[in-house]
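Shown next, in structure tokens, is the structure this report addresses.
The values are calculated or read from the model by the stated rules, or taken from the named source; none is laboratory data. These numbers come from a predicted model, not from an experiment. Using ideal geometry, Cβ is built from the backbone for each residue, glycine included, and neighbour counts are taken over all protein chains shown. Surface areas here come from the heavy atoms of the whole protein model, side chains and all, with no ligands, DNA or RNA. Shrake-Rupley method; radii C 1.70, N 1.55, O 1.52, S 1.80 Å.
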Amino acid sequence: MVVDDHPMWRQGVARDLAEAGYDVVATTGEGGQAVRIAPAARPDVVVLDLQLPDISGVEVIRGLLAALPGVRVLMLSASGEEQSVLDAVKAGATGYLVKSASPEEFLEAVRRTAAGDTVFTPGLAGLVLGEYRRLAKGGGPAEDDTAPRLTDRETEVLRLVAKGLSYKQIAARLTLSHRTVQNHVQNTLGKLQLHNRVELTRYAIERGLDSPD
């Protein structure tokens with residue numbers, strides 16, 4: 001589903017997605033309408049503009065996730081301002097791409113978002129990681145002896161997930177199969193009682209696992 005209040009931009013994005021083989025189930029220029037039609041349209045991915053005429057993109061994210069808990073939201077915005085990015089991610093956006101991105105970068109971001117990866121415009125990922133580290137240090141839950149124990153390999157995979165690598169990239173880096181990486185991620189999700197890669201990434205960031213080696 002494509003949500004953007006500029007008709008030409010909305011139509012262009014929908015056309016690019018359709019030509020790339022995606023099924024565009026709905027388009028709208030209003031955030032409120034997006035939330036209302038999402039349960040019937042049931043999109044896997046929502047490409048969402050941050051600035052909408054009726055309600056903010058952040059409100060739309062919250063409404064979409066309430067209506068469809070499994071939906072993935074890729075922000076596509078003209079704004080790369082720090083607070084805009086952080087607000088969107090904290091609300092539950094899977095990724096954030098500025099509109100100056102190339103068509104190839106956009107389609108790759110959609111593909112990765114659909115696959116469950118967290119995606120950010122280059123330069124914004126570091127901003128988000130830094131903010132989560134700051135929040136974690138400023139008053140996050142203290143580590144305790146009851147915390148689940150991960151194997152060295154699970155920790156290694158988690159560290160690369162936190163850095164934004166895709167399963168394919170992680171598999172190549174660690175000389176593992178794609179399926180093995182998926183299994184490690186699923187095992188880690190289970191141990192940490194998390195539900196998806198976004199939550200897993202946040203867990204890793206909070207514990208500084210995204211820091212340079």
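Observations
- The phi torsions of the range 2-18, fed into the Karplus equation with coefficients 6.51, -1.76 and 1.60 and a -60° offset, translate into couplings of 10, 10, 7, 7, 9, x, 5, 5, 4, 5, x, 5, 4, 5, 4, 5, 5 Hz, rounded to whole numbers, with Gly and Pro shown as x.
- Fraction of accessible area attributable to carbon and sulfur, the range 1-110 (%, probe 1.4 Å): 50
- For V119, residues with placed amide H under 5 Å, excluding near neighbours: G95, Y96
- The range 1-105: relative contact order in percent, alpha carbon pairs under 8 Å with at least 6 residues between: 23
- Local electrostatic count at Q11 - Lys and Arg +1, Asp and Glu -1, tallied over other residues with Cβ under 15 Å: -2
- Amide H contacts of T27: V2, each under 5 Å away and 5 or more positions distant or on a separate chain (H built 1.01 Å from N in the peptide plane; Pro and chain starts excluded).
- In order through the range 21-32: 3J(HN,Hα) via Karplus (6.51 cos²θ - 1.76 cosθ + 1.60), integer Hz, x for Gly, Pro: x, 8, 8, 7, 7, 6, 9, 7, x, 10, x, x
- Where labels lie 7 Å past Cα in the beta-carbon direction, separation of N183 and Q33 in nm: 4.8
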